[in-house]
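K.L.:
Below is one structure. I have some questions about it.
The values are calculated or read from the model by the stated rules, or taken from the named source; none is laboratory data. Because the structure is a prediction, the values reported are computed rather than measured. For neighbour counting, all protein chains shown are included, and Cβ atoms are generated from backbone atoms with ideal geometry for every residue, glycine included.
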Amino acid sequence: MTPEKPLRLFTQVLQQVIPIDASQAHDFFQHFDYQELQTDDFFVRKDQVCQRIGFIESGMIRHYYLHEGEEVTRWISLEHEFVTSLGSFILAKPCSHYLQAITPCRLWTIPKAVWMEQYQQHELLRSFWLRVMEFTVIGFEDRVYQQLASDAEQRYLYFMKHYPKFLEKVPQKYIASMIGIKPESLSRLRAKLAQKAIS
């Protein structure tokens, strides 16, 4: 029996991207298997090939890599989002970074072989994948531009505007890493912006 709450969330997320009814979403969701990750468990490690896509019912998964011995956060996948190591999944090559739970996570995952089978059979899924790729590329392009062309304050203000959920849910040390500054610098920046808002 398909659990009602995650199916409802799954359907709502799909409907934000493509016109799909509950029956069609149910048919797709039945190919997903339930999994739990505890804090610090890995969805996939560097040098492994990512062979699945996950739907996060609850929790957060951090995408990070190591640079000169330090962890650099690339992104955080939040609840009610899909998660995978995209390049590794598509190209079947070793992952260049780590995907690790930073909270306990409830996940629904689909193996790549099953995903591809469904992808070949269903036009709706191909439309969904195309739209997700478009959103992903546009978001990545914008974030790269911000990193290269903006100062720390502008990058944080961009983050506040476009990713407000992160400010509510994600620890500040990870947000600092994503915008390329130290946590203490982010604390000073937030204090400065708060003072501006008061005055």
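K.L.:
What are the pairs with Cβ atoms under 8 angstrom where one residue, in region 82-100, is in contact (Cβ under 8 Å) with a residue 12 or more places away in the chain and the other, located anywhere, is acidic (Asp, Glu) and outside any helix (DSSP H, G or I)? Sequence gap at least six, or different chains.
P.N.:
94/47; 95/47; 100/40; 100/41
Listed here are the residues, each with its yes/no results for (1) under 20 Å from residue 135 (Cα atoms); (2) modelled with pLDDT under 95.
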site	(1), (2)
21	no, yes
32	no, no
46	no, no
57	no, no
65	no, no
69	no, yes
88	yes, no
98	no, no
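K.L.:
Please give the number of the condition residue 192 fails out of (1) surrounded by 13 or more Cβ atoms within 10 Å (Cβ to Cβ); (2) touching a residue at least 24 places away in the same chain (Cβ under 8 Å); (3) of a type in the set (D, E, K, R); (4) in a helix (DSSP H, G or I).
P.N.:
The failed condition is (1).
K.L.:
Another one. Just give me the residues in region 95-154 being of a type in the set (Phe, Trp, Tyr) and either out of contact with any helix residue (DSSP H, G or I) (no Cβ under 8 Å at 6 or more places or on another chain) or closer than 23 Å to residue 61 by Cα (or both), in sequence order.
P.N.:
Listed by number, the residues that qualify are 98, 108, 115, 128, 129, 135, 140, 145.
K.L.:
Let me ask another. When you scan region 75-84, do you find a residue that is in a strand (DSSP E or B), surrounded by fewer than 16 Cβ atoms within 10 Å (Cβ to Cβ), touching a strand residue (DSSP E or B) at 6+ places or on another chain (Cβ under 8 Å) and at pLDDT 95 or above, even just one?
P.N.:
Taking every residue of region 75-84 in turn, none turns out to be in a strand (DSSP E or B), surrounded by fewer than 16 Cβ atoms within 10 Å (Cβ to Cβ), touching a strand residue (DSSP E or B) at 6+ places or on another chain (Cβ under 8 Å) and at pLDDT 95 or above.
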